[in-house]
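Here is the structure we will look at.
The values are calculated or read from the model by the stated rules, or taken from the named source; none is laboratory data. Keep in mind it's a predicted model, so treat the numbers as computed, not measured. No Cβ is skipped: glycine too gets one built from the backbone with ideal geometry, and neighbour counts run over all protein chains shown. Ligands, DNA and RNA are excluded from the accessible area calculation, which covers all protein heavy atoms including side chains. Shrake-Rupley method; radii C 1.70, N 1.55, O 1.52, S 1.80 Å.
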Amino acid sequence: MELSILNQAGEATGKKIKLSAEVFGIEPNDHAIYLDVKQFLANNRQGTAKAKQRSENAHSTRKLGRQKGGGGARPGDLKSPVRVGGGTIFGPVPRDYSFKLNKKVKQLARRSALSLRAKQGEIIVLDALNFEAPKTKAMLEVMNNLKIAGKKVLFVMPEVNEVVMKSANNIQRTNVTTVSEMNTYSIMNSNAVVLLTDSVKAIEATFNA
């Protein structure tokens, strides 16, 4: 697949880039994408939900009524789960939701996500993306030039660029990441993926290795 390389003004530079079929042209594996997204979301869960069990409830263990003659069921203490303010039966406890995923499955998921975006025509390649200083207005101007303003956009930089990242911080549904930090969830959670030519080379070098 060949794509035209654009500049920040949204104009074609006259150059084209050929995307690797092994990274951007495979048949997407839906299950691999599902597993990688599931792991990403699970690893970000705090897992701090907690309810007091019967043994942790700070009530007295005094029996509230006599064993017989009360006209009803035998009453327990205030810690009983059937009483208001009592302990919780099988309530949530702190836990770790994260799980491991095979490296090859994660790579397959990322290649599948990129191939899906390429197939849907949602990948844009820029020759460069630079600003003199962090300015939201400058980033919005680039997005308007590329006709992606208002969409969920993922910018993938070859390396950390603080100026670009700060310029996108205040724009809703716009994320900036690096090739090394790129994940399946961020790709699938976007309507447009903007790559720099150096980003394409780094991605292909990473996933073709």
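Given the pairs Lys106/Lys152; Lys16/Lys147; Lys18/Lys38, which are separated by over 28 angstrom at their Cα positions?
On the way: Lys106/Lys152 23 Å; Lys16/Lys147 19 Å; Lys18/Lys38 31 Å.
From Lys106/Lys152; Lys16/Lys147; Lys18/Lys38, over 28 Å: Lys18/Lys38.
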Tell me, what ³J(HN,Hα) does each residue in segment 6-16 have, in order and in whole Hz, if you take phi through Karplus 6.51 cos²θ - 1.76 cosθ + 1.60 with θ = phi - 60° and put x for Gly and Pro? 9, 9, 5, 7, x, 9, 5, 7, x, 9, 10
So what is the accessible area of the chain per residue, in Å², with the probe set to 1.4 Å? 61 Å²
Quick one: Karplus J couplings for segment 118-123, per residue in order, coefficients 6.51, -1.76, 1.60, θ = phi - 60°, nearest Hz, x for Gly and Pro? 5, 5, 8, x, 10, 10
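If the only charges are +1 at each Lys and Arg Cβ and -1 at each Asp and Glu Cβ, what is the size of the charge dipole of segment 105-187 around the Cα centre, to the nearest 20 debye?
Numbers: 12 positive and 7 negative charges, 93 e Å.
Rounded to the nearest 20 debye, it is 440 debye.
What shape does segment 1-41 take by its C-alpha gyration tensor, where a ≥ b ≥ c are the square roots of the eigenvalues and a/c under 1.5 counts as rounded, a/b above b/c as prolate, and the rest as oblate? Please report the intermediate quantities before stating the final value.
Details: a/c = 5.30, a/b = 2.10, b/c = 2.52.
Verdict is oblate for segment 1-41.
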Let's see if you can work this out: charge +1 on each Lys and Arg Cβ, -1 on each Asp and Glu Cβ, no other charges. What is the dipole magnitude of the chain about its Cα centre, in debye to the nearest 20? 1900 debye
Once the in-chain neighbours fewer than 8 apart are removed, the aspartates and glutamates whose Cα is under 19 Å from Lys68 read Asp77
Cut-off 10 angstrom, C-alpha nodes, Gaussian network model of the chain. Which of Arg83, Arg66, Arg54 fluctuates the most? Arg66
Taking Lys119 as the anchor, which aspartates and glutamates have their alpha carbon closer than 18 Å to its alpha carbon, excluding any fewer than eight residues away along the same chain? Glu2, Glu22, Glu27, Asp30, Glu204
Taking all protein chains in place and a 1.4 Å probe, what share, in percent, of the accessible surface of the chain do carbon and sulfur account for? 49 percent
Could you name the lysines whose alpha carbon sits less than 16 Å from that of Lys15, not counting residues in the same chain fewer than 8 places away? Lys201
Choose one answer from Val153, Val82, Val105: the residue with the largest mean-square fluctuation in a GNM of the chain with alpha-carbon springs under 10 Å. Val82
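Considering only DSSP beta bridges whose two residues both sit in the chain, what percent are antiparallel, to the nearest 5? Let's see the in-between values first.
Numbers: 4 of 19 bridges.
Restricted to the chain, the bridges split so that about 20 percent are antiparallel.
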Taking a ≥ b ≥ c as the square roots of the eigenvalues of the Cα gyration tensor of the chain, is the shape rounded (a/c under 1.5), prolate (a/b larger than b/c) or oblate? prolate
